[in-house]
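To start, the structure under review is shown below, and the notes come after it.
The values are calculated or read from the model by the stated rules, or taken from the named source; none is laboratory data. This one's a predicted model, so the numbers in the text were calculated from it and none came from an experiment. Neighbour counts are summed over all protein chains in view; Cβ atoms, including those assigned to glycine, are modelled from backbone coordinates with ideal geometry. All accessible areas refer to the heavy atoms of the entire protein, side chains included, with ligands and DNA or RNA removed. Shrake-Rupley method; radii C 1.70, N 1.55, O 1.52, S 1.80 Å.
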Amino acid sequence: MDNQEKLPPEAFDDVPRRHLSALLDTIVPASEDGTMLSAQEMDFPSYLLSQAADFLADLKRILVHFDDDFPDLPLAERVALVQTFAESDAQMFNALVFRVYDCYYQDDRVRTLIGARPGPPFPGGHVIIPGDLSSLETVKTRGKGYRR
Amino acid sequence: MNTSSNHDPVDVLIIGAGASGAAIAWNLTETRMRILCLEQGDWMTPSKYPTNSQNWEAQQFGAYHIDPNVRGLETDYPINNQDSPIDVLNFNGVGGSTIVYAAHFPRLHPSDFKVKTLDGVADDWPISYDDLDPYFLQNDRIMGVSGLAGDPMYPPKDLPLPPLPIGMVGEVVAKGFDRLGWHWWPSDAAILSQPYEGRDKCLNLNPCSSGCAQGAKSSTDITYWPQAIRSGVELRTRCRVREVTVNEHGMADGVIYYDADGHECFQKAEVVIMACNGVGTPRILLNSKSPQFPDGLANRSGLVGKNLMFHPVGVVRGIFEERLDTHKGPQGSCILSKEFYETDPDRDFVRGYNMQVARGAAGPLATAFQGFRTGDIPWGPGHHEKFHQRFDHTVNVLALCEDLPEECNRVTLDPDLVDSDGIPAPKITYRLSENSRKMLAHGLARGEEVMRAAGAKEIQKVDLLRSAGWHLLGTARMGNDPTRSVVNSWGRSHDVKNLFIVDGSIFVTGGGVNPTSTIQALALYIGDKIKENLANLFDD
Ligand SMILES: Cc1cc2nc3c(=O)[nH]c(=O)nc-3n(C[C@H](O)[C@H](O)[C@H](O)COP(=O)(O)OP(=O)(O)OC[C@H]3O[C@@H](n4cnc5c(N)ncnc54)[C@H](O)[C@@H]3O)c2cc1C
Ligand code: SF4
């Protein structure tokens, strides 16, 4: 899933963008209070072309399942249609969800909103608290706990 | 195919450059013998480890997966796990599985070496904790191990580095242990809490099991190997051994292997040391058939491949109200409890388990996708609310159980499946014993208790973790009786006096802790025994 072949932007030309956008928004819609972004705000085409090129053909096959009016339907109706698709091809749907989440949770805006550091973990890293070890004094008073 | 033999003979040939192969290579350097290690994988490039990239999490589902069947690199071999509820996990490259291990680094306990004497089950080891004691310390120093001395569950021991921070996760669950009056202790880890020997300290990145870009995790490619190579050991990568060959006297005389271009080569050697782990070693021995050894090399006991032990693992997942920073800090165990480690006659099982508090792979993608698979975090409306409840709020307690040896649990050669060089793949046949089942049930119930005591608001359980074949033990066991064991008390084959085994295959019983510290201490111990006996190494 890394070191994938990268595709040129034209590879995305025949992907119906409105359908894709609606599908992304159905899988990860914005939060009701508006703080969390919808997946349709991600640059999914760039993600797919550079990181998941082998999924492009599957994506095109998935989008064929959704009619012309799909992008204009209210969220609840889109959810019902996507659910029907999920039940008809669980494996393909699994792969789709993985790709949508992968793109979504790599986004630095999203990462900041969920309290994760933007960018790769290395070399910035994290700081964690040492933690309270004081009760180990009581643990020690239990005496030798091993057998020979 | 023609076999080429264009390499000079060597004194010692080690197969496998993982935890044990590295330790024994380093140990034997002072002999000034010509030592060669053949490794099927490559050297790793830390700057290519996933944590250098924005898409680090997705890489853990692909090229850096811990399951070789999913990873499927050229350097991997397939493993047939269909007859096992636990999948074998490993890594094949310089450093072996230490490239992906979580580096939790406990030693076996003194009682683990005497289970027959103390508890009337399985067999005693032919050596004791005290025999290995100096080697544990030597290994800790070379690897770089952090921990806190004074744990009453062990004889006194020193550790080269202070403990890693236990973080909020450790602190909260420790309070649960305290409320129940149970033992707990910060975990020993082969991860640097301070700069050490030219390596920098842990940056709390989290995904240790896809390689440590910081070099803080002690994998043997950055600990033993540089020292061994400086001292003259040759390490040849992309060399996959097919079989160990024998001469007319029934002594090992070398190996046949495939090089990077798939050429079949012969390497002559005076001594052969197997270090391919508890699955890789029996695989090659079983594949080394000859008129003297029709059932596989060193297999007159019929025990090569048998008595496979894992550590069956049950998981209790607690979801907490407060944010616990679970995506920060090493993913392995931060604290543990040995409350239920030793046999208690009031329980319905013998031996015991340790409870490890672990962050696990806790990044956002892993949280969201795992939640999708278990149905806990929906896609669509409601996704964010559930995600927020779980991300950074979920803690795992693992009950890691001792598994007793049984001959029916075994590694054999798959009749059909082969690797890319055509070498038969290992087939795993394994079932959970009644004792392990009861132990797991006990561990899961205690895990739930401690999570509740720690304040978890929601609890989930995984009765038996399938992706838990981390520890591969027992398939060429040690012992004094050649009819009941494959190697003697210092790793030498009973049947082939110049063949040694130093990996987890030689464990007689598995203990209830992660094994690598003990595997490496054993390799160092065997190295010293080889040196002591050098003048009459092959005598009866
Ligand atoms: C995901 C994961 C997490 C783990 N976490 C922990 C932990 O926290 N603590 C702990 O103690 N242990 C842990 N372990 C286990 C630990 O990694 C092993 O116990 C240890 O690495 C075993 O050492 P070894 O020398 O026996 O084999 P390995 O380290 O597996 O090395 C074997 C080497 O032999 C090579 N090899 C095999 N066959 C051939 C052949 N035919 N020709 C040439 N080369 C060959 C392989 O490529 C490999 O490099 C973990 C393992 C995994 C997979
Ligand atoms: S948490 Fe520490 S040991 Fe693990 S990968 Fe990060 S720096 Fe390395």
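Going 7 Å from the Cα of residue B:322 along its beta-carbon direction, which residues of the stretch B:161-176 have the amide nitrogen within less than 13 Å of the resulting point? Within reach of a label on residue B:322: B:167-176.
Take the Cα coordinates of the stretch A:9-119, assign each an equal point scatterer, and use the Debye formula without solvent to give log10 I(q)/I(0) at q = 0.10 Å⁻¹. With one equal scatterer per Cα and no solvent, log10 I(q)/I(0) is -0.28. When +1 charges are put on Lys and Arg Cβ atoms and -1 charges on Asp and Glu Cβ atoms, the dipole computed for chain A relative to its Cα centre reaches about 1540 debye.
Among the GluC sites (Glu not before Pro) found in the stretch B:384-461, those both in a DSSP coil and sparsely packed, with 15 or fewer other Cβ atoms within 10 Å of their Cβ, are B:407. Each of A:103, A:90, A:40 was scored by the projection of its Cα onto the charge dipole of the stretch A:9-119, and the greatest displacement toward the positive side belongs to A:103; charges sit on the C-beta of Lys, Arg, Asp and Glu. When the charge dipole of the protein assembly as shown is built from unit charges on Cβ atoms (+1 for Lys and Arg, -1 for Asp and Glu) and taken about the Cα centre, the candidate among B:475, B:505, B:517 whose Cα reaches farthest toward its positive end is B:517. For the peptide B:58-69, the mean number of other protein chain Cβ atoms found within 10 angstrom of a residue's Cβ is 3.
Among the chymotrypsin sites (Phe, Trp or Tyr not before Pro) within the stretch B:259-331, not one is in coil by DSSP while having at most 11 neighbouring Cβ atoms inside 10 Å.
Among the GluC sites (Glu not before Pro) in the stretch B:4-77, those placed in a DSSP loop whose Cβ has at most 15 other Cβ atoms within 10 Å are B:74.
Most simply put, the protein assembly as shown has about 70% antiparallel DSSP beta bridges, counting only bridges with both residues inside it.
Decide, for the stretch B:110-211, between rounded, prolate and oblate: order the square roots of the alpha carbon gyration tensor eigenvalues as a ≥ b ≥ c, take rounded if a/c falls under 1.5, and otherwise choose prolate if a/b is larger than b/c, else oblate. In terms of gyration-tensor shape, oblate. Which percent of the accessible area of the stretch A:9-119 is formed by carbon and sulfur heavy atoms (probe 1.4 angstrom)? Ligands and nucleic acids excluded, carbon and sulfur reach 51 percent. In straight-distance terms, cross-link reach from residue B:114 covers every one of the aspartates and glutamates whose alpha-carbon lies under 14 Å from its own, apart from those fewer than eight places away in the same chain; here that gives B:123, B:124, B:130, B:131, B:342, B:402.
In chain B, taking the dipole from charged Cβ atoms about the Cα centre, the farthest positive-side position among B:331, B:276, B:228 is held by B:331.
Charging the Cβ of each Asp and Glu at -1 and of each Lys and Arg at +1, and nothing else, the dipole of the stretch B:386-508 about its Cα centre rounds to 420 debye.
Based on alpha-carbon positions alone, could you give the equivalent ellipsoid semi-axes of the protein assembly as shown from the gyration tensor, as √(5λ), descending, whole Å?
43, 31, 22
Say the cut-off is 29 Å between C-alpha atoms; which of B:201/B:306; B:306/B:497; B:116/B:338; B:157/B:531; B:438/B:497; B:268/B:529 go over it? Flagged as over cut-off: B:201/B:306; B:438/B:497. Between A and B, buried accessible area summed over both sides at probe 1.4 Å, in Å² to the nearest 100? Looking at A and B, the buried total is near 5300 Å². Rounded to the nearest 10 degrees, the angle from helix A:75-88 to the longest Cα principal axis of chain A is 80 degrees.
Rounded to the nearest angstrom and listed largest first, the equivalent-ellipsoid semi-axes of the stretch B:229-367 from its Cα gyration tensor are 43, 24, 13. Overall, the protein assembly as shown carries a charge dipole of about 1600 debye about its Cα centre when +1 sits on the Cβ of Lys and Arg and -1 on the Cβ of Asp and Glu, all other atoms neutral. Computed over chain B, relative contact order equals 23 percent, with contacts defined as Cα pairs under 8 Å that lie 6+ residues apart. Solvent exposure of chain B, expressed per residue, is 32 Å² of accessible area, with all protein chains present and a 1.4 angstrom probe.
Look at the alpha carbon pairs under 8 Å that are at least 6 residues apart: their mean separation over the length of the stretch A:9-119 gives a relative contact order of 29 percent. Short version: which residues of the stretch A:110-132 lose at least 30 Å² of accessible area, all chains versus chain alone, 1.4 Å probe? Checking the loss per residue gives A:111, A:114, A:115, A:120, A:121, A:122, A:126, A:128, A:129, A:130, A:132. Across chain B, how large is the tail of the calculated P(r) beyond 36 Å, expressed as a percent of all Cα pairs? Result for the distance tail: 28 percent. With all protein chains in place and a 1.4 Å probe, the accessible surface of chain B carries 47 percent carbon and sulfur.
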